Amino acid sequence: MTEPVAGNKVPNKSSTVGVRIGSTTIALTGAWVLIPTVVLFALVVLLVYLVKISYDSFLWVSAVIWILFIGYWSAVAGRSAATSRSESAASRQLHQLLMYGALALAFVRVPGLGRRWLPNSWWVVLIGLAVHLGSTLFAVWARRHLGQNWSGAITAKVGHQLVRSGPYRLIRHPIYSAMLGMFLGTALVSGELHGLLGLIIMAAAYWRKIRLEEQHLRGVFGPAYDEYRRESWALIPGLL
């Protein structure tokens, strides 16, 4: 490692985190950057605890799987290529609103939605956890194949490539398939109407996003994407 030359200033490489509250952004540096992480971790622990004591079920296990997934997704989110163009902020915010609302409904027993739509049976719960965990691993597999082409929004990346390896060989939107599988798993574990409603909202959100994204990708890749569409399925091979 080279040493700094005397008389030259060494740039400060300490990390900085910006916390946005309304229209105000607060810059945190040094040890203060740990504050958002600590607060988020505390909220996550509180969520798991509240779910565990509020339900006589294994819904808290589903909550833990979600937390681990969100942690992984956040950790790899910065490994994407630069964006050349993107969907509007309003479109992205609408999708996020639907997704957060669906995730809240998956766990929160809203008045009037606490009735069961499935029998309260251990085998239903076991199937739900298996579906949830399997879908989570499927999402991770798809994310690894997508690499730097991934984005939470509908975007065109610099040097964007049409990925057709791994799950993308047969499915054009395997991450969306996996997310719907995760919501389905949680709905099965819950067995109550609020979880089913969360799944329905998420399905509607992805139906909207797929229509927009397919139109966008046809504009990016042209005839190559039309050929890909003819040789693949949007979400479920042989069905959809």
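The values are calculated or read from the model by the stated rules, or taken from the named source; none is laboratory data. What you see is a predicted model, and the numbers here were worked out from it, not measured in a lab. We place every Cβ from the backbone using ideal geometry, glycine too, and count neighbours over all the protein chains shown.
Checking the conditions here, which among Glu213, Glu192 is under 27 Å from Val64 (Cα atoms) and among the acidic types (Asp, Glu)?
Glu192 is the lone residue from the list that is under 27 Å from Val64 (Cα atoms) and among the acidic types (Asp, Glu).
Determine, yes or no, whether His132 is at pLDDT 90 or above, assigned to a helix (DSSP H, G or I) and under 22 Å from Gln148 (Cβ atoms). Break it down into steps so the answer makes sense when it comes.
Details: at pLDDT 90 or above: yes; assigned to a helix (DSSP H, G or I): yes; under 22 Å from Gln148 (Cβ atoms): no.
Against the criterion (at pLDDT 90 or above, assigned to a helix (DSSP H, G or I) and under 22 Å from Gln148 (Cβ atoms)), His132 does not qualify.
Name the single residue, out of those in region 199-240 being touching a strand residue (DSSP E or B) at 6+ places or on another chain (Cβ under 8 Å) and not β-branched (Val, Ile, Thr), that is nearest to Ser135 (Cα to Cα).
In this case the residue turns out to be Leu235.
For the list (1) over 18 Å from Ile154 (Cα atoms); (2) in contact (Cβ under 8 Å) with a residue 24 or more places away in the chain; (3) surrounded by fewer than 18 Cβ atoms within 10 Å (Cβ to Cβ), I need the number of the one condition that Ala204 fails.
It is condition (1) that Ala204 fails.
Do we have Glu192 as touching a residue at least 24 places away in the same chain (Cβ under 8 Å), crowded, with 19+ Cβ neighbours inside 10 Å, among the acidic types (Asp, Glu) and out of contact with any helix residue (DSSP H, G or I) (no Cβ under 7 Å at 6 or more places or on another chain) here?
Details: touching a residue at least 24 places away in the same chain (Cβ under 8 Å): yes; crowded, with 19+ Cβ neighbours inside 10 Å: yes; among the acidic types (Asp, Glu): yes; out of contact with any helix residue (DSSP H, G or I) (no Cβ under 7 Å at 6 or more places or on another chain): yes.
Yes; evaluated as a whole, the condition is true for this residue.
Of the residues that make up region 201-219, is at least one within 19 Å of Arg109 (Cβ to Cβ), modelled with pLDDT of 95 or more and out of contact with any Ser or Thr (no Cβ under 7 Å at 6 or more places or on another chain)?
Yes, region 201-219 contains at least one residue that is within 19 Å of Arg109 (Cβ to Cβ), modelled with pLDDT of 95 or more and out of contact with any Ser or Thr (no Cβ under 7 Å at 6 or more places or on another chain).
If a residue must be touching a helix residue (DSSP H, G or I) at 6+ places or on another chain (Cβ under 7 Å) and either outside the structural domain of Gly71 (by TED's automatic domain parsing) or surrounded by fewer than 17 Cβ atoms within 10 Å (Cβ to Cβ) (or both), how many such residues does region 157-166 contain?
5
Specify which of the listed residues (Ser151, Ser91, Ser135) is of a type outside the set (D, E, K, R), in contact with a Ser or Thr (Cβ under 7 Å, 6 or more places away or on another chain) and surrounded by 12 or more Cβ atoms within 10 Å (Cβ to Cβ).
It is Ser151.
Check region 173-188 and report whether any residue there is assigned by TED's automatic domain parsing to the domain that holds Val108, within 21 Å of Ser88 (Cβ to Cβ) and touching a residue at least 60 places away in the same chain (Cβ under 8 Å).
The answer is yes, given that some residue of region 173-188 is assigned by TED's automatic domain parsing to the domain that holds Val108, within 21 Å of Ser88 (Cβ to Cβ) and touching a residue at least 60 places away in the same chain (Cβ under 8 Å).
So in region 81-108, with the set limited to residues that are of a type in the set (S, T, N, Q) and in contact (Cβ under 8 Å) with a residue 24 or more places away in the chain, which one is farthest from Thr186 (Cα to Cα)?
Ser84
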